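K.L.:
Please see the structure below; I have some questions.
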Number of protein chains: 2
Amino acid sequence: MRKLVAEMAGVSEATVSRVFSGSDTVKENTRSKVLKAAQELGYVPNELARQLARKKSGNLGVILPYVPKARLFSTYYFYEMLGGISEAAQEHGVNLLLLHRKPDENGNYELLFRQQKVDGLIVLGAREVTEEREELLQMDAEGRPFAFVNQRMDGLEHRAVEADHRRGSFLACAHLLEQGWDKPAFVKGPGDFSNTLDRLEGFRDALPDELKTSHAELQGNYSRTSGLALAEEAASLLRSGIADAFAAANDRMAIGLLQGLKQRGFEAGQDYGLTGFDDSDGARLTDPALTSIAASFFETGREAALIALKVNSTPAAKLPVQLVVRESSLRG
Amino acid sequence: MRKLVAEMAGVSEATVSRVFSGSDTVKENTRSKVLKAAQELGYVPNELARQLARKKSGNLGVILPYVPKARLFSTYYFYEMLGGISEAAQEHGVNLLLLHRKPDENGNYELLFRQQKVDGLIVLGAREVTEEREELLQMDAEGRPFAFVNQRMDGLEHRAVEADHRRGSFLACAHLLEQGWDKPAFVKGPGDFSNTLDRLEGFRDALPDELKTSHAELQGNYSRTSGLALAEEAASLLRSGIADAFAAANDRMAIGLLQGLKQRGFEAGQDYGLTGFDDSDGARLTDPALTSIAASFFETGREAALIALKVNSTPAAKLPVQLVVRESSLRG
DNA sequence: CCGATTAATGTACGCGCGTACATTTTCTCA
DNA sequence: TGAGAAAATGTACGCGCGTACATTAATCGG
């Protein structure tokens with residue numbers, strides 16, 4: 001095929017290749033002859049062969065956690081992230097290879113590189129277990145370009161892209177206090193995610209000293225259902241006056257809590273203050289609408305892509321967060 | 001590399017290849033020798049080279065519509081679909097190549113095949129314009145394996161995977177009537193999507209003859225905002241008694257409507273009946289929760305993948321839908 | 001124990017490109 | 001106008017695998 005084009009254009013195959021590889025130095029005249037011939041013959045370079053010859057797959061891999069029917073994590077979160085990654089990928093002319101990690105199985109990330117399936121890798125939702133950490137450490141040692149998101153792992157700080165969760169939580173708590181809710185409690189996620197801890201600390205940061213150690217905490221698992229299940233406990237905190245507001249570590253739990261408390265006669269914004277975290281789509285669907293923290297997952301994904309593509313070698317500072325005020329936290 | 005493995009195992013390179021390509025006929029003895037050698041040297045076949053030699057990219061392409069910051073389409077919809085596609089892809093050992101279509105630009109789908117970037121293609125949210133249709137028709141003529149979803153195009157019925165929207169709308173409307181709302185109105189999406197029409201027809205199917213031509217219709221664009229904007233119009237329909245319920249063509253519009261009507265003092269389930277369509281995550285977040293139609297996008301994606309992988313050549317019958325009753329439609 | 005089958009392995013080459021190096025053409029400047 | 005430098009093109013080969021075909025080893029029947 002390439003040969004035919006070469007003949008028709010009266011040049012060598014190498015020249016054809018040059019034309020399509022972004023000119024080294026081809027005379028304008030011959031370039032157009034080649035393009036014309038290619039056009040007529042319908043020739044297009046075979047990407048596979050190119051990649052082999054160049055020793056670059058041109059793919060950016062994205063590892064998604066296995067999502068069983070019941071969506072464990074927020075759809076919103078991943079889809080936004082993917083959008084940001086995709087944008088960066090497109091700008092740099094690479095393809096996106098989507099890889100759903102199997103339930104328990106290790107990622108075997110290194111393998112993807114050795115097989116030349118990807119040139120870079122983004123791990124969304126890495127499992128925070130030793131095995132996983134070691135695998136990532138090894139990858140780093142081998143000098144593979146990769147990045148992960150909203151997590152922290154010792155010795156891999158330069159691979160981590162994350163929003164400033166701590167500050168986000170701080171903003172939420174400060175806002176509650178400012179609104180006159182002076183006994184905010186915190187709704188935690190599972191303790192083995194690093195950003196769960198950040199969000200808790202940020203919350204404490206905003207608390208006056210006397211409350212720093214004595215505030216109430218509820219334990220959820222980031223699902224709406226878990227929020228719903230905490231409603232009874234929350235209600236009794238409200239009744240006993242131990243708490244008059246809740247800052248939840250994510251929107252889904254906040255929404256569940258809002259719904260559960262409503263069933264028990266407590267209205268957010270009226271009878272208690274409530275904030276979520278993520279500013280997900282759902283935040284504006286509840287009644288009252290949920291005050292939340294926007295962490296720009298789109299940007300987070302984008303940043304991660306740039307690192308995995310070795311465009312940004314410096315790990316960006318923590319990405320900014322923003323308080324989005326809606327009714328659930330407003331007194332009145 | 002392969003050569004080293006061959007030497008260490010005391011066989012030829014071809015035999016090494018045979019071992020890794022799923023045995024033709026290799027003696028168990030030599031197989032293990034080869035595997036051992038490969039293990040020790042850390043050899044793994046290069047996928048790129050394999051693909052080139054086999055003339056198969058091993059990739060299933062997924063075209064996503066460009067999603068600007070403001071999410072035009074339902075995140076939920078696409079993410080579910082992706083999940084189904086991914087499951088099928090994994091089962092058949094192919095990779096998923098994600099491609100975001102640029103804003104206006106044509107897909108140039110055929111090119112992806114000619115470049116050997118993909119072996120099959122799934123188009124999510126094809127634009128329903130002549131250009132696009134022609135491109136798809138051409139692809140079909142060239143015998144490329146592909147599928148698209150929840151749309152209809154003349155001459156491409158065997159490429160379309162869709163849920164039974166018409167029946168879904170029928171169920172919604174029938175349910176409203178059964179609940180004693182006897183003047184349901186329909187909230188349409190943009191008229192140039194084929195399934196918008198299906199949903200309207202299904203709605204009519206359920207109507208008693210005298211209403212089939214005289215029911216009210218509102219025109220939205222599938223966004224929540226558009227639902228919100230229709231609230232005033234809807235309110236006057238309610239006040240004048242022209243309508244006492246609304247079946248919306250999707251959840252987002254229904255949710256907007258619900259919120260807008262609430263502002264005007266109308267409570268869903270109380271003062272009027274309301275159903276959505278999609279059974280999105282948001283349906284269970286509103287107050288009252290939204291009755292909706294579940295169309296199993298996961299399954300839809302899965303089916304589409306099977307067709308694009310030539311596993312299922314027969315286009316499946318329309319996928320089943322299901323009425324999910326929540327409070328918004330229940331008289332009470 | 002030997003020829004005829006059949007199983008197992010080896011040899012050789014192509015897949016379609018990029019690119020180092022060699023060669024030819026064009027340009028520069030005296 | 002011609003030597004030398006620079007630009008343009010051609011030649012040759014490798015990227016790492018799969019596989020058709022040739023070759024050798026194992027098996028079997030008599």
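The values are calculated or read from the model by the stated rules, or taken from the named source; none is laboratory data. Everything numeric here is computed off the predicted structure, so don't read it as measured data. Cβ coordinates were reconstructed from backbone atoms using ideal geometry, including for glycine residues, and neighbour counts include every protein chain displayed. Surface accessibility is based on the protein's heavy atoms, side chains included, excluding ligands, DNA and RNA. Shrake-Rupley method; radii C 1.70, N 1.55, O 1.52, S 1.80 Å.
K.L.:
Under a crude label model (7 Å from the Cα following the beta-carbon direction), how far is residue B:90 from residue A:157 in nanometres?
P.N.:
3.5 nm
K.L.:
Find, among the GluC sites (Glu not before Pro) in the range A:126-206, those assigned to loop by DSSP (not H, G, I, E, B) with at most 13 other beta-carbon atoms within 10 angstrom.
P.N.:
Qualifying residues, ordered by number: A:142.
K.L.:
Turning to a different aspect of this structure: What is the dipole size for the protein assembly as shown, taken about its Cα centre, with +1 at each Lys and Arg Cβ and -1 at each Asp and Glu Cβ, in debye to the nearest 20?
P.N.:
Roughly 2080 debye, rounded to the nearest 20.
K.L.:
Could you check what % of the DSSP bridge pairs in chain B are antiparallel, to the nearest 5?
P.N.:
10 percent
K.L.:
Please get the size of the charge dipole for the range B:196-332, origin at its Cα centre, with Cβ charges of +1 on Lys and Arg and -1 on Asp and Glu, quoted in debye to the nearest 20.
P.N.:
Dipole about the Cα centre, nearest 20: 260 debye.
K.L.:
Taking the 0 to 90 degree range and rounding to the nearest ten, how far is the long axis of helix B:28-41 tilted relative to the main principal axis of chain B, both from C-alpha atoms?
P.N.:
80 degrees
K.L.:
Dipole of chain B (Lys/Arg Cβ +1, Asp/Glu Cβ -1, origin at the Cα centre): which of B:211, B:283, B:147 lies farthest to the positive side?
P.N.:
The Cα lying farthest towards the positive end belongs to B:147.
K.L.:
Follow-up. Sequence-distant or interchain residues sharing an amide H contact under 5 Å with residue B:96, placed H: which?
P.N.:
The list, which skips near neighbours in sequence, is A:98, B:60.
K.L.:
List the distances, in nm to one decimal, from the label point of residue B:180 to the label points of the same position in every other copy, shortest first, placing each label point 7 Å from Cα along the Cα-to-Cβ direction.
P.N.:
4.2
K.L.:
Which percentage, to the nearest 5, of the DSSP beta bridges contained in the protein assembly as shown is antiparallel?
P.N.:
Of the beta bridges lying entirely in the protein assembly as shown, close to 15 percent run antiparallel.
K.L.:
Which shape class, rounded, prolate or oblate, goes with the range B:165-294 when its Cα gyration tensor gives a ≥ b ≥ c as root eigenvalues, a/c under 1.5 marks rounded, and past that a/b bigger than b/c marks prolate?
P.N.:
It comes out rounded by the Cα gyration axes.
K.L.:
How large is the accessible surface of residue A:144 in square angstrom, using a 1.4 angstrom probe and rounding to the nearest 10?
P.N.:
Here the accessible area works out near 60 Å².
K.L.:
As I understand it, the value is the acute angle between the Cα axis of helix A:75-91 and the longest principal axis of the Cα atoms of chain A; what does it come to in degrees, rounded to 10?
P.N.:
Approximately 30 degrees, to the nearest 10.
K.L.:
At a probe of 1.4 Å, how much accessible area disappears from chains A and B on forming the pair, both sides counted, to the nearest 100 Å²?
P.N.:
4500 Å²
K.L.:
Please report the carbon-and-sulfur percent of the accessible area for the range B:185-296; probe 1.4 Å, protein heavy atoms only, DNA, RNA and ligands left out.
P.N.:
Exposed carbon and sulfur together represent 50 percent of the surface.
K.L.:
So, one more: Is there a simple number for the mean count of other chain Cβ atoms within 10 Å of the Cβ of residues in B:168-181, and what is it?
P.N.:
Whole-number average of other-chain Cβ neighbours for B:168-181 is 0.
K.L.:
Which percent of the accessible area of the range B:2-45 is formed by carbon and sulfur heavy atoms (probe 1.4 angstrom)?
P.N.:
Percent of accessible area from carbon and sulfur atoms in the range B:2-45: 48.
K.L.:
Just how much of residue B:258 is accessible, in Å², when a 1.4 Å probe is used and the result is rounded to the nearest 10?
P.N.:
10 Å²
K.L.:
Ignoring everything but the protein chains, give the 1.4 Å probe accessible area of residue A:296 in square angstrom, nearest 10.
P.N.:
50 Å²
K.L.:
A follow-up question, please. Where the only charges are on Cβ atoms (+1 Lys, Arg; -1 Asp, Glu), what is the dipole of chain B about its Cα centre, to the nearest 20 debye?
P.N.:
Once rounded to the nearest 20, the dipole reads 1380 debye.
K.L.:
Buried by at least 20 Å² relative to the chain on its own: which residues of the range A:89-124 qualify, computing accessible area with a 1.4 Å probe on protein heavy atoms?
P.N.:
Residues of the range A:89-124 that lose at least 20 Å² of accessible area once the other chains are added: A:90, A:95, A:96, A:97, A:98, A:100, A:102, A:114, A:115, A:116, A:117.
K.L.:
Please work out the average accessible area per residue across the range A:70-193, using the 1.4 Å probe convention, and give it in Å².
P.N.:
38 Å²
K.L.:
Still on this structure: Suppose R0 equals 22 Å; then what is the FRET efficiency for residue B:204 and residue B:140 from their Cβ-Cβ distance, rounded to the nearest 0.05?
P.N.:
0.10
K.L.:
Can you list, shortest first in nanometers, how far residue B:236 lies from the same residue in the other copies, with each label 7 Å from Cα toward Cβ?
P.N.:
5.4
K.L.:
More than 34 angstrom separation, counting every C-alpha pair in the protein assembly as shown; what % is that?
P.N.:
I get 53 percent for the Cα pairs in the protein assembly as shown exceeding 34 Å.
K.L.:
Using the beta-carbon distance between residue B:36 and residue A:36 and R0 = 45 Å, what value does 1/(1 + (r/R0)^6) give for FRET efficiency, to the nearest 0.05?
P.N.:
Efficiency for this residue pair is about 0.25.
K.L.:
Using 7 Å Cα-to-Cβ label points, what is the residue A:310/residue B:192 separation (nm, one decimal)?
P.N.:
So the two model labels end up 4.4 nm from each other.
K.L.:
How long is the gain from residue B:270 to residue B:236 if the chain were fully straight, where each residue apart is worth 0.36 nm and the alpha carbon distance is subtracted?
P.N.:
Gain on stretching residue B:270 to residue B:236: 10.6 nm.
K.L.:
For the range A:280-316, list whatever residues lose no less than 30 Å² of accessible surface once every protein chain is in place, relative to that chain by itself, with the probe at 1.4 Å.
P.N.:
A:281, A:284, A:285, A:287, A:298
K.L.:
Same structure again: Once the label point is placed 7 Å from Cα along Cβ, list for residue A:36 the distances to the corresponding points in the other copies, in nm, shortest first.
P.N.:
Label-point separations across copies, in nm and ascending: 6.4.
K.L.:
Any idea how far apart residue B:14 and residue A:214 come out in nm if each label point goes 7 Å out from Cα toward Cβ?
P.N.:
With each label point 7 Å from Cα toward Cβ, the separation is 8.4 nm.
K.L.:
Please compute, for peptide B:259-266, the average count of beta-carbon atoms on other protein chains lying within 10 Å of each residue's beta-carbon.
P.N.:
Taking all residues of B:259-266 together, the mean is 1.
K.L.:
Once the Cβ-Cβ distance between residue A:29 and residue A:7 is put in as r, and R0 is 25 Å, what FRET efficiency do you end up with, to the nearest 0.05?
P.N.:
0.90
K.L.:
Taking residue A:33 as the anchor, which lysines have their alpha carbon closer than 26 Å to its alpha carbon, excluding any fewer than eight residues away along the same chain?
P.N.:
Within the straight-line cut-off, residue A:33 pairs with A:3.
K.L.:
Around residue A:323, under 13 Å between beta carbons, what's the net of Lys plus Arg minus Asp minus Glu among the other residues?
P.N.:
Result for the neighbourhood of residue A:323: -2.
K.L.:
Please average, across the residues of A:246-258, the number of beta carbons from any other chain that are within 10 Å of each residue's own beta carbon, and give a whole number.
P.N.:
Partner-chain Cβ atoms within 10 Å, mean over residues of A:246-258: 1.
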